[in-house]
Amino acid sequence: MTGNVTGAVHYVLGVIVLEAGRPAEAETRLRRAAEAGNVGAARVLGPLLYDSGRIAEAEALYRRAIENAEAPEVMNDLGFVLHHSGRTEEAEHWWTRAADAGIAVAMFNLGGLAEAAGSPETAERWYRQACQAGDKDAFLNLGVLLNKAGRTREAEQWYRRGAEAGETACMVNLGSAMARAGIEDEAERWWKRAAEAGDVKAMLNLSKMLRRSGRRGGAAWWRQRAAEAAEKAETDQS
């Protein structure tokens, strides 16, 4: 077999045994695939190493993959590891390279770095690029950034785009914007969509709105749903 074929076989087998709950065997397969130059294997194995505390191994794995393939997705993954290791400048370098190659989540990450560094104009530029490249999370962050700057109408436009793309947090924020504007029917519609998608904050907002409008049965139902969802989330974390 050629290296590419060998890598592909071990990658597929690694994913299968990982899904079957055999992480040790999966790691062996994925490592062999990554060593054969399979980028997908490196991207699956990297998080396994990182989550088990083997951060230096994850970093080395990503660096080898980049040397072998110049894969921009792996550049973004490497940036994540570096950022969470406190090496922000190195993370920015790799995220910038990934963003220049069109990786939307890297653009989003750069926006977050800029926002944390107190550079809202740079953050806005990166969030806008991320939105245009298809990163749905960027709609929310851009909306929040604009809202903080007092550009509420622009923020609403981005919340709406995110909500229409299915982002529940954008639905919640858009609902709140509509409620503040007195457009309660639209606020209710967006909160209901987010609540039906499982968002607890939307359930509580909807419950309060229904109670104010005298629809106590619906208010009680959504309040109970919110309590059940919160309890489940707490149980899942324990």
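Determine which member of the set Ala177, Ala197 is small (Gly, Ala, Ser), closer than 29 Å to Val105 by Cβ and surrounded by 20 or more Cβ atoms within 10 Å (Cβ to Cβ). Answer to the selection: Ala177.
Checked against the criterion of being at pLDDT 95 or above and closer than 24 Å to Leu61 by Cα, the candidates Phe80, Phe139 yield just one match: Phe80. Criterion applied to Val74, Val9 was being closer than 28 Å to Trp95 by Cβ and hydrophobic (A, V, I, L, M, F, W, C), and the one residue passing it is Val74.
All of Val105, Val81 fail the test of being without any contact (Cβ under 8 Å) to a residue 40 or more places away in the chain, within 26 Å of Tyr11 (Cβ to Cβ) and open to solvent by less than 10 Å² (accessible area, probe 1.4 Å), apart from Val81.
The set of residues from segment 1-37 being under 19 Å from Glu73 (Cα atoms), open to solvent by less than 30 Å² (accessible area, probe 1.4 Å) and modelled with pLDDT of 90 or more comprises Leu30, Ala33, Ala34.
Of the listed requirements (1) within 30 Å of Ala24 (Cα to Cα); (2) free of Cβ contacts under 8 Å to residues at least 24 places away in the same chain; (3) open to solvent by 40 Å² or more (accessible area, probe 1.4 Å), Ala91 misses just one: (3).
For segment 140-238, the helices (runs of 4 or more DSSP H) that sit wholly inside it and include 3 or more residues that are within 28 Å of Pro120 (Cβ to Cβ) and without any contact (Cβ under 8 Å) to a residue 24 or more places away in the chain are 152-164, 168-180.
The lone criterion from (1) in a helix (DSSP H, G or I); (2) at pLDDT 95 or above left unmet by Gly102 is number (1). Screening Val44 on (1) under 20 Å from Ala130 (Cα atoms); (2) under 18 Å from the mean Cα position of the chain (by Cα) shows it passes everything except condition (1).
Quick check: anything in segment 109-123 among the small types (Gly, Ala, Ser), closer than 22 Å to Gly14 by Cα, open to solvent by less than 70 Å² (accessible area, probe 1.4 Å) and part of a helix (DSSP H, G or I)? No; the residues of segment 109-123 include none that is among the small types (Gly, Ala, Ser), closer than 22 Å to Gly14 by Cα, open to solvent by less than 70 Å² (accessible area, probe 1.4 Å) and part of a helix (DSSP H, G or I).
Selection of helices (runs of 4 or more DSSP H) fully inside segment 6-69 by the criterion of at least 2 residues being free of Cβ contacts under 8 Å to residues at least 12 places away in the same chain and farther than 24 Å from His84 by Cα returns 23-35.
The values are calculated or read from the model by the stated rules, or taken from the named source; none is laboratory data. Just so it is clear, the structure is predicted and the values come from calculations on it, not from any experiment. Backbone-built Cβ (ideal geometry, glycine too); neighbour counts: all protein chains shown. These accessible areas exclude ligands, DNA and RNA; they are computed on the full protein's heavy atoms, side chains included. Shrake-Rupley method; radii C 1.70, N 1.55, O 1.52, S 1.80 Å.
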